[in-house]
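Colleague: Just dropping this structure here.
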Amino acid sequence: MNDVLPDEDNVVRYVRPGLVDDGTVDGSAFVLRPGEEALSVNWLECFEGTVSEQVDQVRAHVHLNLRPNGVLARLNVGDGKTAASSGPEGTGIEFASDPQPANPPDYPDPDPSHALVSGLPSGESSAAAAIGDRIRNALTDIHPATVG
């Protein structure tokens with residue numbers, strides 16, 4: 001069983017460029033896509049250091065093709081739970097670690113920071129959009145997906 005992340009910890013979600021407009025993340029970035037049962041995120045406290053150093057470590061280990069105009073949106077776990085549970089369509093969500101093994105040749109290193117957000121409603125539901133917007137509004141900050 002994967003460890004549940006503490007409320008005081010933080011995760012980042014990669015948001016592709018098409019869901020970022022002038023530095024603002026679209027709430028649909030926090031909605032499940034068809035066939036998904038959980039939202040993929042990365043747990044910052046898996047790594048030591050400042051937030052900036054932790055984000056650098058996520059960039060180095062994430063098993064995704066990060067694009068230059070995408071962002072890593074940071075969310076406090078407790079704030080995310082509160083956002084998802086508020087409102088008439090609110091739901092309880094859980095953040096749990098889900099480390100990924102190395103997957104050569106594309107990802108030769110494991111990703112120990114990978115985590116999942118479970119308990120979100122189906123992406124096709126009206127509740128999903130409302131919850132996605134509330135989670136977006138709870139974001140702490142955003143970081144460029146790539147540097148240099």
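The values are calculated or read from the model by the stated rules, or taken from the named source; none is laboratory data. Because the structure is a prediction, the values reported are computed rather than measured. Note: ideal-geometry Cβ built from the backbone for every residue, glycine included; neighbour counts use all protein chains shown.
Colleague: For segment 135-148, name all the residues that are modelled with pLDDT of 95 or more and either closer than 20 Å to residue 36 by Cα or of a type in the set (A, V, I, L, M, F, W, C) (or both).
Modeller: Within segment 135-148, 135, 136, 138, 139, 142, 145 meet the criteria.
Colleague: Could you please find all residues in segment 82-120 being in a strand (DSSP E or B) and closer than 13 Å to residue 39 by Cβ?
Modeller: Passing the criteria: 94, 95, 96, 114, 115, 116, 117, 118.
Colleague: Can you tell me which residue is surrounded by the fewest Cβ atoms within 10 Å (Cβ to Cβ) among those in segment 86-131 that are of a type in the set (S, T, N, Q) and at pLDDT below 95?
Modeller: It comes out as 126.
Colleague: Let me ask something else about it. Residues being closer than 18 Å to residue 146 by Cα and either in contact with a Pro (Cβ under 9 Å, 6 or more places away or on another chain) or at pLDDT below 95 (or both): count how many of those fall in segment 1-23.
Modeller: Summing the residues that are closer than 18 Å to residue 146 by Cα and either in contact with a Pro (Cβ under 9 Å, 6 or more places away or on another chain) or at pLDDT below 95 (or both) in segment 1-23 gives 4.
Colleague: One residue is enough: does segment 32-44 have a residue meeting the conditions in a helix (DSSP H, G or I) and either at pLDDT 95 or above or over 21 Å from residue 99 (Cβ atoms) (or both)?
Modeller: Within segment 32-44, one or more residues are in a helix (DSSP H, G or I) and either at pLDDT 95 or above or over 21 Å from residue 99 (Cβ atoms) (or both).
Colleague: Criterion first (farther than 21 Å from residue 6 by Cβ and either out of contact with any helix residue (DSSP H, G or I) (no Cβ under 6 Å at 6 or more places or on another chain) or part of a strand (DSSP E or B) (or both)) does residue 79 satisfy it?
Modeller: Answer is no for this residue.
Colleague: Considering only residues that are part of a loop (DSSP other than H, G, I, E, B), touching a helix residue (DSSP H, G or I) at 6+ places or on another chain (Cβ under 9 Å) and either surrounded by fewer than 13 Cβ atoms within 10 Å (Cβ to Cβ) or among the β-branched types (Val, Ile, Thr) (or both), which ones fall in segment 1-31?
Modeller: 6, 8, 31
Colleague: What residue, of 59, 74, 67, is charged (D, E, K, R), in a helix (DSSP H, G or I) and in contact (Cβ under 8 Å) with a residue 40 or more places away in the chain?
Modeller: Criteria check complete, one pass: 59.
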